[in-house]
Amino acid sequence: MQCARYVTSVSLNRTLRTYKYIHNFLNRNVYYKEFKNIWRRLYYTHRQSSPVILGIETSCDDTGAAVVDADGNILGEALHSQLQIHLEHGGIIPPIARDLHHKHIQGIVNMALERSQCELKDLSAIATTVKPGLPLSLSVGLKYSKQLVKETSKPFIPIHHMEAHALTARMVHNIEFPFLVLLASGGHCQLAIVRNVDDFLLLGSTLDDAPGEAFDKIARRLKLRNIPALSTVGGGQAIETLAKEGNSQAFNFPTPLSKYRDCNFSFAGLKFRAYKIITAEEKKHDIIGDLILPNVADICASFQHAIANHIVKRVHRALLFCELEELLPVNKKVLVVSGGVACNHYIRAVLKLVCDHIDFELVCPPPKLCTDNGIMIAWNGIERYKAGIGIAENLDEVDIQAKCPLGKDISKSVEELSIKFRNIKIKIPQKLICTITVINISYCS
Ligand code: KG4
Ligand code: ZN
């Protein structure tokens, strides 16, 4: 694949050469000069509307870089995942994550550029995640990017990691603003209305753990790394895989925040309930050391079901809130689901059933674009560049932010409406999730 700007400049030069030839031949200086001016104007207009951006991501444990154009073409990308090292350490250790980003960032950026066949001079801008995330990890990306920006004199676009997760869907699907988004990852769980590139209304967020964090901790507690087929995958993916063989009704979990008619989330209670179940089951089955519980699949299926059940109820209220407040276009109401947990097919399937029930379109980016990557950062750069928003005026003033709100918080307005919904029963078809049982999710007010 060739870099868009490169293609443009090659064809520009070729065309200019042809016209120069004609000019010499006819010796009609006035026409040539005029054409050259028109062409130059066309070329610069095209360049403005067709930017090519390098995106750099280092907010957590993935070092990612990508070159993306204005049409959403991924010209080149590269990703280094630290997952294996963190699995060995039983979780992300920030100084180790920092050192690995430091070790790999140059190679990853070079690889993305090489694959795109772009040179630094071909870029319209450089976009980098600066918030929110692990401070030590974010610092590596920002320091590297500042150096690159100084060397190349390119514009710099600081990126909000969650904004990037939310906008990725627009790169692969035709989605207009406004739309509703659920962002579920290892560090966040947020529901927001996306009214524009940088205009979000936050309906709710997690009060404690993020769902990905809960998945990862329970996978660790269940020692899923000791199962050879799951030794190299992340916690959420390991639980999803085992859940396919389990009974999601085997263990009872409470529904978090059931008394609160808002769109906030809480996963800590589900995590502690899972810890309690695991400890009791280990005692019952005499499990010690590295041994795995015989009913591990049932625990995974029940835990995954509990997480899905909680998420879908809060999302249902958000969908109803958007309808009541007429916040989305009547003829195209879209729910986008993104972030690492959006890779989970069971959660996707449950959300799809609720969306179908109240006439929303569910859009999930492909799993590769749901987890952290450089592509989403480059695309967010494209969105901002095209809209002329958020290009840093003073590079020295740009800094990282470990925590950062996503738009305007209107969660109190959601709570005030106190939306109560009727019980609905959703049957999850067996073929979608490959479980033995057909599950009913029962909604209570
Ligand atoms: O968005 P992401 O790549 O990084 C953060 O910004 O946090 O999300 C990573 C999280 C991890 O906690 C991982 O366990 C979870 O996404 N995840 C999943 C699945 N794949 C990744 N959770 C549930 N089911 C999955 N299939
Ligand atoms: Zn993320």
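Tabulated data for the structure shown
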| quantity | calculated |
| --- | --- |
| Residue list for the range 170-179, filter: away from ligand 2 (no atom under 16 Å from the Cβ), among the aliphatic types (A, V, I, L, M) and in a helix (DSSP H, G or I) | 172 |
| Meets criteria (at pLDDT 95 or above, assigned to a helix (DSSP H, G or I) and under 30 Å from residue 194 (Cβ atoms)) for residue 100 | no |
| Subset of the range 205-247 [under 30 Å from residue 412 (Cα atoms), within 16 Å of ligand 2 (Cβ to nearest atom) and either out of contact with any His (no Cβ under 6 Å at 6 or more places or on another chain) or not small (Gly, Ala, Ser) (or both)] | 205, 206, 209, 211, 212, 213, 214, 215 |
| Among the candidates 153, 124, residue that is among the hydroxyl-bearing types (Ser, Thr, Tyr) and touching a residue at least 60 places away in the same chain (Cβ under 8 Å) | 124 |
| Residue within the range 300-311 that is surrounded by fewer than 17 Cβ atoms within 10 Å (Cβ to Cβ), aliphatic (A, V, I, L, M) and free of Cβ contacts under 8 Å to residues at least 60 places away in the same chain present | no |
| Output for the range 369-417, where each listed residue is of a type in the set (Ser, Thr, Tyr) and touching a helix residue (DSSP H, G or I) at 6+ places or on another chain (Cβ under 6 Å) | 371 |
| Residue list for the range 339-369, restricted to those being over 22 Å from residue 300 (Cα atoms), within 13 Å of ligand 1 (Cβ to nearest atom) and crowded, with 18+ Cβ neighbours inside 10 Å | 364, 365, 369 |
| Condition broken by residue 248, with the remaining ones in (1) of a type outside the set (Phe, Trp, Tyr); (2) farther than 17 Å from residue 347 by Cα; (3) in contact with a helix residue (DSSP H, G or I) (Cβ under 6 Å, 6 or more places away or on another chain) satisfied | (2) |
| Condition met for residue 258 (in contact (Cβ under 8 Å) with a residue 60 or more places away in the chain, polar (S, T, N, Q) and closer than 19 Å to residue 348 by Cα) | no |
| Residue identified as in a strand (DSSP E or B), at pLDDT 95 or above, within 16 Å of ligand 2 (Cβ to nearest atom) and within 21 Å of residue 315 (Cα to Cα) among 182, 167, 202 | 182 |
| Selection status of residue 237, within 12 Å of ligand 1 (Cβ to nearest atom) and either free of Cβ contacts under 8 Å to residues at least 40 places away in the same chain or part of a strand (DSSP E or B) (or both) | no |
| Set 217, 284: member being over 22 Å from residue 351 (Cβ atoms), under 24 Å from the mean Cα position of the chain (by Cα) and free of Cβ contacts under 8 Å to residues at least 60 places away in the same chain | 217 |
| Residue count for the range 185-199, restricted to those that are within 16 Å of ligand 2 (Cβ to nearest atom) and in a loop (DSSP other than H, G, I, E, B) | 4 |
| Qualifying positions in the range 377-417 - farther than 19 Å from residue 190 by Cβ and among the acidic types (Asp, Glu) | 393, 396, 397, 399, 416 |
| Every pair of residues 6+ apart whose Cβ atoms lie under 6 Å, when the first sits in the range 56-67 and is over 18 Å from residue 234 (Cα atoms) while the second is more than 10 Å from ligand 2 (Cβ to nearest atom) and of a type in the set (Asp, Glu) | 66/77 |
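Table: residues versus (1) within 25 Å of residue 235 (Cβ to Cβ); (2) away from ligand 1 (no atom under 16 Å from the Cβ).
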residue: 116; (1), (2): no, yes
residue: 130; (1), (2): no, no
residue: 136; (1), (2): yes, no
residue: 142; (1), (2): no, yes
residue: 155; (1), (2): no, yes
residue: 209; (1), (2): yes, no
residue: 217; (1), (2): yes, no
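The values are calculated or read from the model by the stated rules, or taken from the named source; none is laboratory data. Quick caveat, the model's predicted, so the values are computed rather than measured. When we count neighbours, we look across all protein chains shown, and the Cβ atoms used for this are built from the backbone with ideal geometry, even at glycine.
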